Protein chains: 2
Amino acid sequence: MENNLQRGFPADEFEARLSRAQTLMRDAGLDALLLTTEPEIRYFTGYLTRFWESPTRPWFLLVPQAGKPVAVIPAIGEPLMRRCGLDDIRTWPSPAPDDGVSLLADTIREIAPGGRIGVPDGPETHLRMPLASFQAVAERIAPATIGGDNGILRQLRLIKSAAEIAKIERACALAGRAFARVGEIATEGVGLDTVFRRFQMLCLEEGADYVSYLAGGAGPAGYSDVISPATPEPLAKGDILMLDTGLVWDGYFCDYDRNFAIGKPDPALNDAHKILIESAHAGLQAARPGITAAELTHAMKAAMTKAGGTPSSGRFGHGLGMQLTEWPSLIEHDGTVLAENMVLTLEPGIETKDGFMLVHEENIVITAHGARPLTHFAPHSLPVI
Amino acid sequence: MENNLQRGFPADEFEARLSRAQTLMRDAGLDALLLTTEPEIRYFTGYLTRFWESPTRPWFLLVPQAGKPVAVIPAIGEPLMRRCGLDDIRTWPSPAPDDGVSLLADTIREIAPGGRIGVPDGPETHLRMPLASFQAVAERIAPATIGGDNGILRQLRLIKSAAEIAKIERACALAGRAFARVGEIATEGVGLDTVFRRFQMLCLEEGADYVSYLAGGAGPAGYSDVISPATPEPLAKGDILMLDTGLVWDGYFCDYDRNFAIGKPDPALNDAHKILIESAHAGLQAARPGITAAELTHAMKAAMTKAGGTPSSGRFGHGLGMQLTEWPSLIEHDGTVLAENMVLTLEPGIETKDGFMLVHEENIVITAHGARPLTHFAPHSLPVI
């Protein structure tokens, strides 16, 4: 099935994204968007490279209210950006003392003279360029002004296309095949750091392009946090092992986890795991267009509480796509209204004892009348390895 | 040897970093530094997690002119930050509507009332927080003001400690073992995308914590750029394959590459490779405290030109450490004066024919009177696989 999935996107995908953006820009009275981060620039161009790992060079994309985007980028990126179908690519030999400031300011003055320029400035965004350069550009483009993007990028990226969903689903499938093989690499006596290393190898062997994220934990009562690096501490009989991966296929992430029992688990932990799975299923049942992220959160927490569990303090899921985590958040005060083709993680956490927890995560897509799983939901009982 | 290298740092490492920072802050008249990015915060705390992959939450570290740093972070990060030895950790349940703005502003008002706050704002930096939040904080802390950090973070991070150099050297050694095994995974008929996947597996098998960067290329005349993703195009007899990796061990990168000939290479390309290696050796010979990055660049280009090669247009190397690329740049106009314990890549590129090139890269550390290789410099002749 998804093994024949094509990389990249047909050109009309980018035309549709641009058209939606320009409609929103007109409504907001914005003459151009100035974009500086990897997902923002990739959203409009398909420009996909791991070179963003280097912080040296700033990259800019200008989206005018009419016409195609204009790239203002380091010369090293020109061959790849050329293949993205842009007509107007302006380059400078970066790094350099001015490093794009003059070229960017000149280009803004040309395509949106005296206009209103929007940059994403809301939650989960940042400006990927030196602050001093940003201030210099803002001064040089006067009387044009730079303000927020009115949440346009967020609004656009919240809703995925069918092609995007297919890529996320493929990433999920690859991780699923790696999760199915955890018994090969994780047994009593193996250090958690070795498990992490070998699990990344499994993800690659199963077809991931790269493994941008792996977290997890292990212990007899679960784990105290889910962001600390793995230690050499060996897995012990009775431990619950959790692995949470964000692997990437063609620029799109999955983000989900699986728990495993090293030997026969404590029945109380197995019960806690069952409650987690039920909470995720409650989320899948509740998720549909028209309810809010807060309402979905509430449904998952209510199912957990009803089954006798205590929800942990973290969020219960989030958006997913070109980034490991995206808007919205499944928290009690996120009023984002769910809509068809949003991709979400359902990530219930349950307290086990003083400072420990279990966390479980699945990925879903909102459909016209409900939601569809992108992952094969885990069984209720902890798999024993 | 380096197999027994300890993870983390002794506490006095962070005391020394803080002390140097505070001296520079006093000289610059700064009352506190506000830090928002992963390497900046890790530099003063050792806070190491892959959780930065999630863009959702902002993280803040305040470095006062006297006393220990103060962390203002999402609650999810508290257990790990606790283990970093900070006394003052303030948290909020992120994500949240205000998302740290009030807590950060209150903390700045408390530790540097009416003071001058510095944020890194120069080349290769960015502000990792929503721009609107930054503007809100700036307003709320008045009469305190936020300006640049006077290049303090750059100045500090340019010079590595012995412990940092040991970690980078270990990353280099792990990649070296993976490069030595490329013949196992890359042969005629294998797609470049498969080679990329398998090379990352080799890096992990040899002990990398993760492989944050892999780039490369392959073709009969070299490659046209070094940042494009790998395609399924199979390796063919006569191709030159290049793999360039930034793998990570305990939070520190190596960054170097190796070229391989698929079958017997075109003698002209083997000659070009020899000139590249000579250029790298010329860099190793020239590198020492007191010369500038520009002068080192010139030495490498002069060696290449003298041997009949045409330097490619990119930079000829850069700094290296907690990030894949750091200051300075080996370009003709970077006047950074080299000093003991700077870690650099030497990365000469040579034109082969119309739009194609070969690139070679090694890692070195500047010593009291010269430079020491951190990688085993490649042989002059292309290894044939």
Restricting attention to the range B:74-89, which residues are within 18 Å of B:R128 (Cβ to Cβ) and touching a strand residue (DSSP E or B) at 6+ places or on another chain (Cβ under 6 Å)? B:M81
Could you list, in sequence order, all residues of the range B:292-341 that are under 17 Å from the mean Cα position of the chain (by Cα) and of a type in the set (D, E, K, R)? B:R315, B:E326
Residue tally, condition part of a helix (DSSP H, G or I) and either in contact with a Gly (Cβ under 7 Å, 6 or more places away or on another chain) or more than 9 Å from every other protein chain (Cβ to nearest Cβ) (or both), over the range A:105-137: 10
Starting from the range A:243-259, keep only residues that are over 26 Å from A:T187 (Cβ atoms), then list their pairs with residues that are acidic (D, E) and crowded, with 24+ Cβ neighbours inside 10 Å whose Cβ atoms are within a distance under 6 Å, requiring at least 6 positions of separation or different chains. A:V248/A:D209; A:W249/A:D209
Just to verify a result, which residue in the range B:222-237, among those that are in contact with a strand residue (DSSP E or B) (Cβ under 8 Å, 6 or more places away or on another chain) and either of a type in the set (G, A, S) or at the interface with chain A (Cβ under 7 Å from one of its Cβ atoms) (or both), is surrounded by the most Cβ atoms within 10 Å (Cβ to Cβ)? B:G222
Reported set for the range B:91-110 where residues are over 21 Å from A:A132 (Cβ atoms), β-branched (V, I, T) and in contact (Cβ under 8 Å) with a residue 24 or more places away in the chain is B:V101, B:T107
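In this structure, is A:L324 touching a residue at least 40 places away in the same chain (Cβ under 8 Å), closer than 19 Å to A:R372 by Cβ and assigned by TED's automatic domain parsing to the domain that holds A:T367?
In short, no.
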Looking only at the range B:180-214, filter to residues that are assigned to a loop (DSSP other than H, G, I, E, B) and buried (at least 22 other Cβ atoms within 10 Å of the Cβ); which one of those is farthest from the other protein chains (Cβ to nearest Cβ)? B:A186
Candidates A:R83, A:R17, filtered to the one that is within 14 Å of chain B (Cβ to nearest Cβ) and surrounded by fewer than 22 Cβ atoms within 10 Å (Cβ to Cβ): A:R83
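Residue-by-condition table, conditions (1) surrounded by fewer than 24 Cβ atoms within 10 Å (Cβ to Cβ); (2) in contact with a helix residue (DSSP H, G or I) (Cβ under 9 Å, 6 or more places away or on another chain); (3) part of a strand (DSSP E or B):
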residue	(1), (2), (3)
A:M242	yes, no, yes
A:L247	no, yes, yes
A:N259	no, yes, yes
A:G263	yes, no, no
A:N270	yes, no, no
A:L276	no, yes, no
A:S279	no, yes, no
A:A282	yes, yes, no
Would you please name the residue that is farthest from A:D121 (Cα to Cα), looking only at residues in the range A:138-150 that are within 14 Å of chain B (Cβ to nearest Cβ) and not in a helix (DSSP H, G or I)? A:T145
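Could you please let me know if B:D121 is among the acidic types (D, E), closer than 27 Å to A:R57 by Cβ and touching a helix residue (DSSP H, G or I) at 6+ places or on another chain (Cβ under 8 Å)?
Criteria met by B:D121.
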In this structure, is A:D250 among the charged types (D, E, K, R), modelled with pLDDT of 95 or more and closer than 24 Å to B:R57 by Cα? no
For the range A:151-161, check the following and say yes or no: at least one residue is within 14 Å of chain B (Cβ to nearest Cβ), in contact (Cβ under 8 Å) with a residue 60 or more places away in the chain and more than 27 Å from the chain's Cα centre (by Cα). no
Which condition from (1) in a loop (DSSP other than H, G, I, E, B); (2) within 14 Å of another protein chain (Cβ to nearest Cβ); (3) touching an Asp or Glu at 6+ places or on another chain (Cβ under 7 Å) is the one that A:A96 breaks? (3)
For the range B:111-128, check the following and say yes or no: at least one residue is without any contact (Cβ under 8 Å) to a residue 24 or more places away in the chain and either out of contact with any strand residue (DSSP E or B) (no Cβ under 9 Å at 6 or more places or on another chain) or buried (at least 20 other Cβ atoms within 10 Å of the Cβ) (or both). no
Can you work out which of the residues in the range B:286-345 that are among the acidic types (D, E) and farther than 26 Å from B:A215 by Cα is farthest from the other protein chains (Cβ to nearest Cβ)? B:E340
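Name the one entry in B:F356, B:F377 that is among the aromatic types (F, W, Y) and within 14 Å of chain A (Cβ to nearest Cβ).
The match here is B:F356.
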On the basis of being surrounded by 18 or more Cβ atoms within 10 Å (Cβ to Cβ), within 14 Å of chain A (Cβ to nearest Cβ) and assigned to a helix (DSSP H, G or I), does B:E40 make the cut? yes
Counting just the residues of the range A:342-369 that are touching a Lys or Arg at 6+ places or on another chain (Cβ under 8 Å) and either outside the structural domain of A:G308 (by TED's automatic domain parsing) or among the aliphatic types (A, V, I, L, M) (or both), which one comes out nearest to A:L235 (Cα to Cα)? A:I364
In the range A:303-338, residue nearest to A:G151 (Cα to Cα) [restricted to those that are out of contact with any strand residue (DSSP E or B) (no Cβ under 6 Å at 6 or more places or on another chain) and among the hydroxyl-bearing types (S, T, Y)]: A:S313
Search result, residues across the range A:253-270 that are of a type in the set (F, W, Y) and more than 13 Å from chain B (Cβ to nearest Cβ): A:Y256, A:F260
When you go through B:T292, B:T325, B:T336, B:T367 one by one, which is the residue that is among the polar types (S, T, N, Q) and buried (at least 23 other Cβ atoms within 10 Å of the Cβ)? B:T325
Taking B:L174, is it among the aliphatic types (A, V, I, L, M) and closer than 21 Å to B:I41 by Cβ? no
For B:G67: the one exception among (1) touching a helix residue (DSSP H, G or I) at 6+ places or on another chain (Cβ under 6 Å); (2) at positive phi: (1)
Given (1) part of a helix (DSSP H, G or I); (2) hydroxyl-bearing (S, T, Y); (3) closer than 26 Å to B:R7 by Cα, index of the condition B:T23 fails: (3)
Taking the stated definitions as given, is B:A171 of a type in the set (G, A, S), outside the structural domain of B:M25 (by TED's automatic domain parsing) and touching a helix residue (DSSP H, G or I) at 6+ places or on another chain (Cβ under 9 Å)? no
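The values are calculated or read from the model by the stated rules, or taken from the named source; none is laboratory data. Computed from a predicted structure; not experimentally measured. Every residue, glycine among them, receives a Cβ derived from its backbone with ideal geometry; neighbour counts consider all protein chains shown.
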